Amino acid sequence: MLPDLPFVITTEKYPEMLLDQPKWVDYKEDAVALIRKLHSLGIFHGNISEENFVINPNTKEIRLKNFRLSYWIDEITETQCKSTYTDCTSETSVAELLELEVKEIQWLCDQKK
């Protein structure tokens, strides 16, 4: 279980979801940077979806919410990997798993140009 994170989301500050934005591609670079930042902190989010990105309408800053399926990267098991990405096997490296998470948000953003 992850500890409290310093970038906790409040609905007052981040009331809009990426899902509601007309052009996600405008947020792609920031979304990828956010995921890579989590990974650099040793965190695997485990639930990348459009519903879990929120936006501050004033600053256009995005944040990620819903860390219920998150794991410390060094504690990820094959079972946890498969529960997130069905293609995972015992041969899937942590680096590959982390890259899948990055590719997932890139794909989501590219779908709504």
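None of the figures in this text is laboratory data; all of them are computed from the coordinates on show. Just so it is clear, the model here is predicted, and its values are computed rather than measured. Because the Cβ atoms are built from the backbone with ideal geometry, glycine has one as well, and the counts that use them run over all protein chains shown.
Working out 0.36 nm times the residue gap between residue 32 and residue 106, then minus their Cα-Cα distance, what length gain in nm do you get to one decimal?
The residue 32-residue 106 span can extend by a further 25.9 nm.
Roughly what would the spin-label model give for residue 93 and residue 51, points 7 Å off Cα along C-beta, in nm?
That separation, rounded to one decimal, is 3.4 nm.
What span do the alpha-carbon atoms of segment 16-111 cover on each of the three principal axes, reported in whole Å from largest to smallest?
Sorted largest first, the three principal extents are 43, 24, 19 Å.
Excluding residue 90 itself, calculate the net charge of residues whose Cβ lies under 13 Å from the Cβ of residue 90, where each Lys or Arg counts +1 and each Asp or Glu counts -1.
On the way: positive: 82; negative: 78, 87, 91, 96.
My count for the surroundings of residue 90 gives -3.
For an R0 of 30 angstrom, estimate the FRET efficiency from the Cβ-Cβ distance between residue 74 and residue 25 and round to the nearest 0.05.
Approximately 0.35, to the nearest 0.05.
Only counting other Cβ atoms within 10 Å, I'd like 36, 68, 63 sorted with the fewest neighbours first.
68, 36, 63
Considering only Cα-Cα distances, which of the following residue pairs are longer than 19 Å: 37/82; 28/103; 23/82?
Table pairs above 19 Å Cα-Cα are 37/82; 23/82.
Taking neighbour Cβ counts within 10 Å as the exposure measure, how do 92, 84, 79 sort from fewest upward?
Fewest-to-most ranking of 92, 84, 79: 79, 92, 84.
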